[in-house]
Amino acid sequence: MPKEAPENDAIRLKFVDVLDAWVKVEHALWKVFYVILKPMEATQSQSLFHAVGSFQSQRDAVMVVAGGAISDVDLLGELETLQGRARGLATKRNNLVHGRWMMASTKAKDPPTLMRFYRPANITQFLKPGETALSKKGKYIFDFQDLQNCQREFSTLAKDYDAIRMKIASHLGVSPHIELLEKDIVGPIRTTIQRSDPPQEGP
């Protein structure tokens, strides 16, 4: 069996980077939720946020609590615009996660390379008359460059959530930071190192 090209490992690792960047998006959205609900405890806020369910439902929950707490119309509009970006990128994230690996090329002259491919339930929506696979790059087909773009977009979204959290905290007159109670902080764990070598005999 021929060995895979080293580039394929780099592509898989980049896929992991993308998923990690998305986790940071979800965490950044929770922090917005938490700041709006202060003085609710962080752990309670986190439990409530995760109980909401899907990322779409979590975005909706953020807008509901924001609408009741934020009186600045411009700030609410900025948050709503950010949520619209998140909605589009969530679709991209879902296509990545629910896709599969395949060896393919988007141009006939290019050699096949490892890509992530999402097949929509209605395949007739995939390629319409006059379209080529190249037109689906970054939406249904993701090569290394597309994965890099996704990582950058997700990272930027997380930073923008952090930025608007600061604005919301200032507007509400609360701290933008995560505040944990002493009972929620886990201290250092002491362990006893078990030696694997046999005890030495005395002189």
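Laboratory data are not the source of any read-out in this text; all were calculated from the coordinates shown. The structure displayed is predicted, hence computed values, not measured ones. Every residue, glycine among them, receives a Cβ derived from its backbone with ideal geometry; neighbour counts consider all protein chains shown.
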For region 76-176, what is the per residue volume of the convex hull drawn over the alpha-carbon atoms, in cubic angstrom?
-> 123 Å³
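Evaluate E = 1/(1 + (r/R0)^6) for ASP60 and THR106, where r is the Cβ-Cβ distance and R0 equals 45 Å; express this FRET efficiency to the nearest 0.05.
Numbers: r = 36 Å, r/R0 = 0.79.
Efficiency at R0 = 45 Å is approximately 0.80.
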Among all the lysines, which ones have a C-alpha under 26 Å from LYS107's C-alpha, if same-chain residues fewer than 8 places away are not counted?
-> LYS3, LYS14, LYS92, LYS128, LYS136, LYS137, LYS139
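Among rounded, prolate and oblate, which fits region 2-92 when a ≥ b ≥ c are the square roots of the eigenvalues of its C-alpha gyration tensor, a/c under 1.5 means rounded, and a/b larger than b/c means prolate?
prolate
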Of all trypsin sites (Lys or Arg not before Pro) in region 93-130, the ones in DSSP coil with at most 10 other Cβ atoms within 10 Å are LYS107, LYS109
